[in-house]
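The values are calculated or read from the model by the stated rules, or taken from the named source; none is laboratory data. A quick note: this is a predicted structure, and the numbers were derived from the prediction, not measured. For neighbour counting, all protein chains shown are included, and Cβ atoms are generated from backbone atoms with ideal geometry for every residue, glycine included. Keep in mind that these areas ignore ligands, DNA and RNA; they rest on the heavy atoms of the full protein, side chains included. Shrake-Rupley method; radii C 1.70, N 1.55, O 1.52, S 1.80 Å.
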Amino acid sequence: MDISEKKTTLDDSASIYQKREEKTDKEKWRELKGFKAKWEHFKAYYLLKVFIWVCVIGFVGYAIYEMVAPDPERMLYVAILDTVVQTDEMDALKEGYEEYISLDEETQDVYFDNMIMVSNKADPTSAQKFTAHAFVGDIDIIIAREGLIKEYAGYYLRPLSDQLPADLYEALSEKYCYARAVDADGNVGEELPYGVYIGEYAETSPYYGEPIVLAIVGNSKRADNAEAFVRYLLERKVTLPEASVE
């Protein structure tokens, strides 16, 4: 018998010889019956992918926003030297001033920096940071021990008589910290008010016993806001608590 003439059990039209066509995702979805079946299918095949894409899009969108969004307008920069004001007191001053000027937190900010250790001779980085910011007018207010304010008189600081309006200058007359500026030739100037006492004692060793003084930086870019801060302290009768002297 010719083997080519032998009939097989299955002819060429049998399904096992037919090429299977994969169903599309849309077709598979349509065949699913009921919400539960479709939800299980979605969780099994798509949920993780969707979550990853949402995270990627969110991250990219946030990064773009951070790059193009304008920075908040700096309303005041207060430099607290040698940590003479502790964190809790600083936060209270900051929050009170923000409320006083009706700060818009979306577009404005106030910066209080109590990490500038200018008297730490072992690490001059902090003092260099202060000098750089003060010279370009970034810093508006200095809060420091009395000795530093007197040292900075005529250097970073100008007399308050040149910086405050008449009513505020007169209202603070009993709280002034007086100092004598020394010029480049060593000439000592007359005694003038360069700061305002706002607390009884400095709180950071080894400067116990020195009063806390506030001063306006001579070349402040925001002199009006610095004046408003001084007025806020006066009107709210804000003062810093005395530290224990050992």
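Each residue in the range 133-151 was checked for being open to solvent by less than 60 Å² (accessible area, probe 1.4 Å) and either over 22 Å from Met90 (Cα atoms) or outside any helix (DSSP H, G or I) (or both), and 9 pass.
Scanning the range 56-104 for residues that are assigned to a loop (DSSP other than H, G, I, E, B) and at pLDDT below 90 returns Ala69, Pro70, Asp71, Pro72, Asp82, Thr83, Val84, Val85, Gln86. Ala122 fulfils the conditions (1) of a type outside the set (S, T, N, Q); (2) over 22 Å from Tyr155 (Cβ atoms); (3) under 18 Å from the mean Cα position of the chain (by Cα) except for a single criterion, (3). Taking the conditions (1) of a type outside the set (Phe, Trp, Tyr); (2) crowded, with 20+ Cβ neighbours inside 10 Å; (3) modelled with pLDDT of 90 or more in turn, Glu203 satisfies each one other than (3). When the range 114-132 is limited to residues that are of a type in the set (Ser, Thr, Tyr) and without any contact (Cβ under 8 Å) to a residue 24 or more places away in the chain, the one that is most open to solvent (accessible area, probe 1.4 Å) turns out to be Thr125.
So is Glu27 at pLDDT below 85, more than 18 Å from the chain's Cα centre (by Cα), assigned to a helix (DSSP H, G or I) and of a type in the set (Asp, Glu) or not? Reasoning before the result, please.
On the way: at pLDDT below 85: yes; more than 18 Å from the chain's Cα centre (by Cα): yes; assigned to a helix (DSSP H, G or I): yes; of a type in the set (Asp, Glu): yes.
Here the answer is yes, as Glu27 does meet what is asked.
When the residues of the range 206-218 are filtered to those that are surrounded by 15 or more Cβ atoms within 10 Å (Cβ to Cβ) and over 28 Å from the mean Cα position of the chain (by Cα), which remaining residue is modelled with the highest pLDDT? Step by step, filter the range 206-218, then rank; the result is Pro211. Residue count for the range 152-191 under the criterion of being part of a strand (DSSP E or B), modelled with pLDDT under 90 and of a type in the set (Gly, Ala, Ser): the result is 1.
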